[in-house]
Amino acid sequence: MYKISRNLLFAIVISVIIATMALDQFALKEKLLPPLGYFYVFFSVFMLFYFVYPLYRNQRLTLYYWERTRKNKLAMLGLFFIVFLIILAIAGPFFTADPNYVNFEEKNLPPLGFTTSQSVYDRDTGSLRNAEIRGTWKHPLGTDDKGRDILAMIVSGARVSLQVGLVATFIALMIGTVIGVSSAYFGGAVDNVLMRFTDIMMTFPFFLLLVFIVFIFGADLTLIILIIGVTGWTGAARIVRSEALSLRTREFVLASRALGASDTRIIFRHLIPNVMGTLIVIATLSIPGVILAEAALSFIGLGDPTVASWGRILNAGQDNLETTWWVAVEPGIMLFLTVLSFNFLGDGLRDAFDPRSEL
Amino acid sequence: MNILEVAGLKTYFFTRRGTVLAVDDVSFDLRKGEVLCLVGESGSGKTVSALSILGLVDSPGRIIGGEVMLDGEDLRQYTPRQLRHIRGKRIAMIFQDPKESLNPVLTIGEQIMEPMKVHLNLSDKGAKEKTLLLLERVGIPKERLFSYPHELSGGMNQRVMIAMALACDPEILIADEPTSALDVTTQALFLKVLMDLKKERGMSMIFITHDLGIVAEIADRVVVLYAGRVMEKASVWQIFENPRHPYTIGLLNSLPDIVKKKKLIPIAGQIPGLINPPSGCVFHTRCRFAQDICYRVVPPEEEVEDGHFSACLFRGSADIIKASQGERI
Amino acid sequence: MAGKKASMGGYIARRLVYSLLIAWGILTITFLLLRLGPGSPADKYLANIAASGRVRDIAQVQAAIDARYGLDKPLYLQYVDYISNLLHGNLGWSLSTSLPVTELLSKHWIYSFELIFLSTVFAVLIGVSIGIYSAVKQHTKADYAVTVFSFMGISIPNFWLGIMLILVFSVKLGLFKTYYDTSLPLFSLGNLKAMTLPVITLGSGMLAGYSRYVRSATLDNLRKDFVRTARAKGLPERTVILKHVFRNAMLPVITIIMLDLSGVVFGGAYLTEIIFGIPGLGRISFNAIFADDYAVVVAVTLIGAMVTLIFNLLTDIAYTFLDPRVRYV
């Protein structure tokens, strides 16, 4: 019975959120939250109801998977870095400078511990002279050619990357699950239409499609997140479908059908919880791809020009490799470590959930 | 005359949870031309013993002791290369599940010809001729040469396995539960083909099974294994008429007897874990005759009558003799 | 055999029809996206003209353009035009280069092809070999090293890797030019040298992926029973791995490599071309984006999808030859 009441409660909470958002967007003059903000509220509530709570309820199972994941050292390393990144993204901006603050007095500063030789304008003589420039504590990761603090940009980029990674993956997975489960459960014509559509979407090279859509619809962070989510669900749909198909014929589903359970009950009670493990793994392994996609878009100049994304810093750094190599190196390292961490964690989780599969 | 002698064989599996004593001090002989049956429940070490003979134990398993003497030469001293020339040529082996044991992407013809090309240096033509003869002999139509395993039935695939094993006329054939994946009617046909070929070619055979019906039908001598150790070794008559080990007696009692409609007596308990096997006699945990001493002493194999060995401390006791005679036949 | 061939023909025909359906879906989705987007392809062009001040009556120009491109027609007629144009091989006119898009593509595709071809050869050769090697040496230091390196290879953003390679090998060490010299003939020695860094940039991620897939597919198959059979036949380990295991392991890997092509490789090539200034399709699409040259961006996206479609079709057909178990449904 708890299931029904939980769904009901969830529906009520969501209606309240939607009502608030509608009021906010259309009736109030002063906006309470931007649209993306509402999405985060929705996202958190959803996770609380359908992820955190079930984990808490099934403590023994959670502990079992945790123990199995914990044995994988690389996965733990990845988890550690991801937690660090989340803290950095949430708390970091309060401690760093404004990433958009331009100061030509302090341009092209190398990172702490490095020195470069640059020609600088000498105020006394009014001419250019060569000088040794040292990294400073004020800008531990150096500055770019406009004197912006790279640490600040990287911290703000972490926020962008995580936002994109989490939200876009969430959207993609929701769509993928709905399509996959309905395809598997209803079969026949529904399955046929949905899977043909999936095939068509899969035939588009992911990044080319992304470039194409962003080119048409414009580069705004919220939009980019939506676009990645709406185009990136195909893999999840396929996997969920095949998983659900194999579950459909399993005894416990047959048994509950024999007992007269309704379709919705079987879907929510049996299919969804059983593909949950798979979904967590797909999510963890999709996030790096999504983060990379956004970074690549920003890198080629199709990103949101108002946010300091890692890809955008990289793009700027690429032009001045001879002089300010660190501008290109530092965001790349962060990007690399982030992707690596999610891959490590995802791999560990997959082993924990399904020791048979190796891929 | 013994063609193969296995002495003191120990094959352990070194897993993360601990060392599994899969085969622990197993000895038996195979005489020329006879059928020796290795009998036991699953996990008793039958298959691992057979694989150890050919050095086919996969990691994390390792043979850590014992001798495998083929015609007076110890196969354990052989280099991998030398051993390879024994496999398929002098000792061939067929496995449990024919469908899984054949390569799905190669035709059965290719798979039968392979050992001939490797061991006998036959040309394509020669190998093909010989393969056709073999196929005919095991009762598979010629045109099946180009079929893939999934296009044949389980029984046919198992006969393909025989053809493949006999490709180089081996002296010894090891058959690892070849019938357990087949249904009963196919089993009978398969066994007939197998035994006919064995007689025809004067092969010796090690036949692994848990089916005592098959043992009664084909065996000359029997080795009863339990938890990686030998419980009893004897001729097939001695085993069925005068079993002298509580485990063998238990096995026989758990057989249905249609004629006498006797009550089935299953052996109580389960086969023990082999990471920490029971002390003393491994069977004591399930033995209804067990005494204190069975917990402490590993019973040696001793001869109770001519060629009949039992590894039970009470092999001669009145209780066991009564059990072996009284409750059976 | 005859029956098999006939059904195979039917299967291929069905796959062809199915591919046409997918192609239609791709064109339709592209069309819808174009029309759903804010602004029309002519908007930017008009804005430029207006800014130049040469034309007084913008509305008149707009009407002329709309008529020229059929933008004044109802949506479904525009759709019919769009499809029929594409079917006639007419991909439109590139505004920024004043060339027909087909001409632009035919001039530039070869650069993309060279990059992808060389990278694929590089990645498959090395990836497959180290994948097999690390599977055979499972749990050794070499295997762990391969695993860790392939993780890193998969995770390293290839556009960043490209920049780092330029930074180290071109800027700091001066081994390669920092720009792409189009005067060198393709596949000539100088050209191949210039392709070194781009191929590493694009190929290393692919290589890491392939080695992982191959490793796990090989491991899966190494556990199969038919491998034991092959060893029991006395085949040399080389033959066991390269013939029996490899053939089975490659089947799933081929599918994954094909999936990677559209998922990873095309995107990677796009970025690699931009970084290294290789004038392939990615580069011209990139230039077109910033010149608001719709026709080129659309054309490159369509080409990517169509090439993927053709490769998927070829994989399906190749499968019927490689895997005898494929059922023609």
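The values are calculated or read from the model by the stated rules, or taken from the named source; none is laboratory data. Bear in mind that the values here come from a model prediction, so they are computed numbers and not experimental data. Note that we place each Cβ from the backbone using ideal geometry, even for glycine, and neighbour counts take in every protein chain shown.
Could you check region A:301-311 and list, in sequence order, the residues that are surrounded by 24 or more Cβ atoms within 10 Å (Cβ to Cβ) and under 20 Å from A:PHE217 (Cα atoms)?
Passing the criteria: A:GLY303, A:SER309, A:GLY311.
Out of the residues in region C:149-177 meeting the condition of being of a type in the set (Val, Ile, Thr) and facing chain A (nearest Cβ under 8 Å), tell me which one is surrounded by the fewest Cβ atoms within 10 Å (Cβ to Cβ).
Filtering first and then ranking leaves C:VAL171.
Can you name the residue in region C:31-64 that is at pLDDT 70 or above, surrounded by 13 or more Cβ atoms within 10 Å (Cβ to Cβ) and in contact with a Leu (Cβ under 7 Å, 6 or more places away or on another chain) and, of all such residues, is farthest from the other protein chains (Cβ to nearest Cβ)?
C:VAL61
Table: residues versus (1) over 30 Å from B:HIS119 (Cβ atoms); (2) in contact (Cβ under 8 Å) with a residue 12 or more places away in the chain; (3) crowded, with 21+ Cβ neighbours inside 10 Å.
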residue	(1), (2), (3)
C:THR239	no, no, no
C:HIS244	no, yes, yes
C:PRO252	yes, yes, no
C:LEU259	yes, no, no
C:GLU273	yes, yes, yes
C:GLY277	yes, yes, no
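Filtering region A:195-252 down to residues that are among the polar types (S, T, N, Q) and farther than 25 Å from C:ASN312 by Cβ, which residue is modelled with the lowest pLDDT?
Here is the first cut: in region A:195-252, the ones among the polar types (S, T, N, Q) are A:198, A:203, A:222, A:231, A:234, A:242, A:246, A:249.
Now narrow it down to the ones that are farther than 25 Å from C:ASN312 by Cβ: A:222, A:249.
Details: A:THR222: 84, A:THR249: 72.
Ranking the candidates gives A:THR249 first.
Do we have A:THR264 as modelled with pLDDT of 80 or more, away from chain C (no Cβ under 14 Å) and loosely packed, with under 15 Cβ neighbours inside 10 Å here?
no
Looking only at region B:129-153, count every residue that is in a helix (DSSP H, G or I) and more than 23 Å from B:ASP196 (Cα to Cα) and tell me the total.
Count: 5.
Here is a yes/no grid of residues against (1) under 21 Å from the mean Cα position of the chain (by Cα); (2) modelled with pLDDT of 85 or more; (3) within 30 Å of B:THR15 (Cα to Cα):
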position: B:ILE249; (1), (2), (3): yes, yes, no
position: B:VAL259; (1), (2), (3): no, no, no
position: B:LYS262; (1), (2), (3): no, no, no
position: B:LEU274; (1), (2), (3): yes, no, yes
position: B:VAL282; (1), (2), (3): yes, yes, yes
position: B:ALA290; (1), (2), (3): no, no, no
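Of everything in region B:1-52 that's basic (Lys, Arg) and assigned to a loop (DSSP other than H, G, I, E, B), which residue is surrounded by the most Cβ atoms within 10 Å (Cβ to Cβ)? Working first, answer last.
Filtering region B:1-52 down to residues basic (Lys, Arg) leaves B:10, B:16-17, B:31-32, B:46.
Still in the list and also assigned to a loop (DSSP other than H, G, I, E, B): B:16-17, B:32.
Details: B:ARG16: 5, B:ARG17: 8, B:LYS32: 14.
Step by step, filter region B:1-52, then rank; the result is B:LYS32.
Just checking: which of the helices (runs of 4 or more DSSP H) contained wholly in region A:219-285 hold 1 or more residues that are charged (D, E, K, R)?
The helices (runs of 4 or more DSSP H) meeting that bar are A:234-248, A:251-258.
Just one of the numbered conditions (1) within 14 Å of chain C (Cβ to nearest Cβ); (2) outside any strand (DSSP E or B); (3) surrounded by 19 or more Cβ atoms within 10 Å (Cβ to Cβ) is not true of B:ALA92; which one?
Here B:ALA92 meets the rest and fails (2).
To keep it simple, each residue is scored yes or no on (1) outside any loop (DSSP other than H, G, I, E, B); (2) out of contact with any Gly (no Cβ under 6 Å at 6 or more places or on another chain); (3) more than 8 Å from every other protein chain (Cβ to nearest Cβ).
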| site | (1), (2), (3) |
| --- | --- |
| A:LEU292 | yes, yes, no |
| A:ALA295 | yes, no, no |
| A:LEU302 | no, yes, no |
| A:THR323 | no, yes, yes |
| A:GLY332 | yes, yes, no |
| A:VAL339 | yes, yes, no |
| A:ASN343 | yes, yes, no |
| A:ASP351 | yes, yes, yes |
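Among residues belonging to region A:184-233 that are in contact with a Leu (Cβ under 6 Å, 6 or more places away or on another chain) and more than 8 Å from chain C (Cβ to nearest Cβ), point out the one that is nearest to A:GLY289 (Cα to Cα).
Here the answer is A:THR231.
Among what's in region C:270-329 and is modelled with pLDDT under 85 and in contact with a strand residue (DSSP E or B) (Cβ under 7 Å, 6 or more places away or on another chain), pick the residue that is farthest from C:TYR11 (Cα to Cα).
Among those that are modelled with pLDDT under 85 and in contact with a strand residue (DSSP E or B) (Cβ under 7 Å, 6 or more places away or on another chain), it is C:ASP293.
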